[in-house]
Amino acid sequence: MSTTTSHRAPQAPSLGRATLLVAEREITSQVRSKSFLISTAVLLVAILAGIVISGLMSQREPGTTPVAVVASVADSVSGSDLLEVTEVADREAAEEAVRSGDVDAAVVPGGEPLGVQVLAMDAAPDAVVGALTVAPEVELLDPAPADGGLRYLITFAFGLVFMTSVIGSGSMIAQNTVTEKQSRIVEILLSAVPARALLGGKILGNSAVALGQTAAIAAVAVLGLVVTGQDDVLTLIGMPLAWFVVFFAIGFVLLAGIFAASASLVSRVEDTGSVLQPAIWLTMVPYFLVVFFNDNELVLRIMSYVPFTAPVGMPVRLFLNEASWWEPLVALVVLVAATLAITALAARVYERSVLRMGGRVAVREALARSADA
Amino acid sequence: MLELQGVSRSFGDRRVLDDVSFTVGQGRLTGFVGGNGAGKTTTMRIILGVLAPHAGTVTLDGRPLDGARRARFGYMPEERGLYPKMKLAEQLTYLARLHGFDKGAAADRAHDLIDRLGLTERAGDPVESLSLGNQQRAQVAAALVHQPEVLVLDEPFSGLDPMAVEVVQSVLAERAAQGVPVLFSSHQLDVVERLCDDLVIIAGGRIRAAGSREELRRAHATERHEIVVAGDMGWLRDEPGARVDELAAGSAVFEADEATAQRVLREALARGPVQSFAPLRPSLAEIFREVITDEEPADAAGRTQELEAAR
């Protein structure tokens with residue numbers, strides 16, 4: 001083998017270089033895998049389809065809006081073919097009709113100078129207001145704090161994107177960790193590079209993939225909104241979205257460390273499920289909190305500071321205009337500190353348990369053991 | 001030279017290595033022989049730093065090993081492991097790069113080894129699609145791809161057909177000829193016997209014998225001789241000082257000291273032509289059996305205490 005002996009063995013790579021090499025492998029192996037490509041494509045198409053369909057729905061010709069009118073002001077809405085007019089006797093009857101949902105709004109006699117007023121449940125019905133010859137005063141019977149539908153949709157989206165991409169990539173990290181352990185290639189790898197490089201590269205590579213995937217989702221969403229002429233939504237979510245990316249990146253590293261350390265405790269792929277439970281719960285908590293408490297300011301305030309929920313909580317509060325300018329900065333500092341502490345801990349657990357075969361290693365044991373294994 | 005001194009290791013209460021000391025010389029192919037659970041794999045994992053010893057040291061050329069020096073070792077673990085879904089050539093290239101080779105040199109080395117080990121057609125296949133024998137060759141390649149300064153191979157020949165054994169054997173011999181200390185374990189004693197220069201025999205976590213193959217053979221040589229003649233050897237029974245082990249028409253195996261053996265040879269020559277006469281060298285299997293006969297069956301639980309009591 002004269003050709004191979006001509007290369008003298010070089011120096012071992014530095015920690016940083018080794019980490020990058022591991023990260024590169026993680027990225028290429030994942031980006032090339034069929035399941036990853038297919039699931040990403042399906043996700044992107046679904047998002048695009050959702051945006052296009054909602055765009056088409058909003059551009060559709062509006063149907064007639066049922067409206068109750070007190071007889072004395074019936075003239076003010078006559079001649080509008082967008083309204084389906086029901087005459088009622090007085091304001092009480094009109095209000096009754098609105099509350100029961102028989103009509104979307106009611107036109108009732110109002111004070112000077114217009115002489116008419118519009119009653120509605122939670123939002124001024126555009127069709128009614130537009131149909132009136134004069135701009136009337138609108139009285140809401142049950143006002144919502146913000147646009148309820150959009151509020152729910154955006155908070156839901158932040159929570160969902162974070163949860164699905166962390167669980168997706170986290171499981172990938174966990175699976176790779178256990179596969180390496182099960183196939184014992186980890187022994188060969190660790191005879192070449194330190195455990196920290198292996199863990200660091202894994203987190204770095206998968207974070208890059210997850211961020212790239214999220215960026216692709218964002219790009220498709222923006223593209224879809226612009227193409228379908230709904231780009232006004234962008235001005236609403238632009239700033240919170242930028243913060244979301246920052247929080248996402250760091251929060252992802254935090255959870256990725258936990259996924260890798262958890263997975264290193266077991267030796268067989270079949271055991272991964274149970275050992276990942278705590279990590280998966282941690283990832284689902286922010287989602288359920290925003291879904292169930294998205295109008296509870298106290299819960300949102302607390303979750304916007306707790307490291308595990310901040311990546312979703314803070315952008316949501318920013319979107320709802322409930323946070324002062326300095327709050328995301330404080331939350332970010334807390335998150336970074338927590339991430340540094342937890343990844344150091346995770347690295348310790350990983351180093352101690354990744355070579356231990358057989359049964360499940362207890363976390364306490366992994367942390368307490370001296371450099372024995 | 002790779003040297004282990006007084007290496008001990010326990011798992012819980014179970015002592016799996018007890019004061020293990022031996023050396024692997026520069027350019028020597030050293031066979032590491034022992035039964036199941038004797039401590040071979042634990043020893044190798046300690047040499048590689050995958051496991052820490054509870055006592056004792058491992059040194060290379062007199063200096064203790066650290067991570068950087070161990071990174072120049074080539075290791076083939078007991079349980080074969082490569083990324084199942086990664087292509088063979090890519091995988092070997094990746095491993096070489098992890099050891100510091102740049103991309104081009106790493107790829108060259110990977111392909112050279114793949115060709116050398118007869119896997120050329122499989123270079124682009126994922127490892128999981130290779131046959132067991134080919135996976136085994138791939139594993140050998142993974143241990144060699146970074147031009148290691150020391151080779152530690154756990155059962156490199158298990159599961160290989162005779163052709164593949166030849167190939168791997170010649171690759172290892174080549175490395176040894178370049179001055180690399182090579183330690184390999186095996187329980188295929190015939191392969192070890194054919195291939196290795198030195199031998200280390202371990203049983204119950206203790207080194208039972210170590211040295212060059214010839215030395216060991218001499219040390220364990222019995223005074224057995226075999227003689228084949230044209231006529232009949234029946235008269236040997238009455239020869240004083242010679243104990244007959246086997247006797248057939250024209251041949252006999254007997255035990256006798258050197259002087260008696262020579263006398264028997266002269267007597268045989270006087271009676272007719274002698275076709276062959278030679279001292280019987282013990283085979284490795286015989287040495288192995290002899291060395292570990294005083295061992296109870298290989299189950300290590302609580303064995304140390306029993307051994308200590310027996311001593």
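Throughout, read-outs are computed from the coordinates displayed, never taken from laboratory work. Please read these numbers as outputs of a predicted model, since none were measured by experiment. Neighbour counts run over all protein chains shown; Cβ positions are idealised from the backbone, glycine included.
Couple of notes before you dig in:
- The calculated FRET efficiency for residue B:258 paired with residue B:10, based on their beta-carbon distance and R0 = 60 Å, is about 0.80.
- As a proxy for reagent exposure, ranking A:14, A:183 by other Cβ atoms within 10 Å from fewest up yields A:14, A:183.
- C-alpha long axis of helix B:132-144 to longest principal axis of chain B, angle in °: 70
- Averaging Cα coordinates gives a centre for the stretch B:206-275 and one for the stretch A:157-210; these two points are 66 Å apart.
- Angle between chain B longest axis and helix B:88-98 axis [Cα atoms, degrees, rounded to 10]: 80
- Dipole of chain B [Lys/Arg +1, Asp/Glu -1 at C-beta], most positive-end residue of B:56, B:273, B:88: B:88
- Cα gyration tensor, the protein assembly as shown - rounded (a/c under 1.5), prolate or oblate: prolate
- Ranked for footprinting exposure by Cβ neighbours inside 10 Å, fewest first, A:43, A:223 give A:223, A:43.
- For the stretch B:189-279, applying the loop criterion from DSSP together with a ceiling of 15 other beta carbons within 10 Å to the GluC sites (Glu not before Pro) yields B:223.
- A simple count of charges around residue B:32, restricted to other residues whose Cβ falls under 15 Å of its Cβ and scoring Lys, Arg +1 and Asp, Glu -1, yields -1.
- Spin-label pair residue A:49/residue A:239, simplified geometry with 7 Å Cα→Cβ offset, distance in nm: 3.6
- Rg/Rh for the stretch B:222-279 (Cα atoms only, Rh after Kirkwood) is 0.89.
- Based on alpha-carbon atoms, the Kirkwood radius and the radius of gyration of the stretch B:2-218 give Rg/Rh equal to 0.96.
- Annotation for the stretch B:50-118 versus the stretch A:288-353: alpha-carbon center distance of 41 Å.
- Here the relative contact order of the stretch B:222-279, from alpha carbon pairs under 8 Å that lie six or more residues apart, stands at 47 percent.
- Likely footprinting exposure, A:180, A:270, B:290, fewest C-beta neighbours within 10 Å first: A:270, B:290, A:180
- Options B:235, B:150, B:163, ranked by Cα towards positive dipole end of chain B, top entry (Cβ charges): B:150
- Links that overshoot a 20 Å alpha carbon limit, given the list A:34/B:85; A:34/B:87; A:181/A:202; A:34/B:103; A:202/B:85: A:34/B:103
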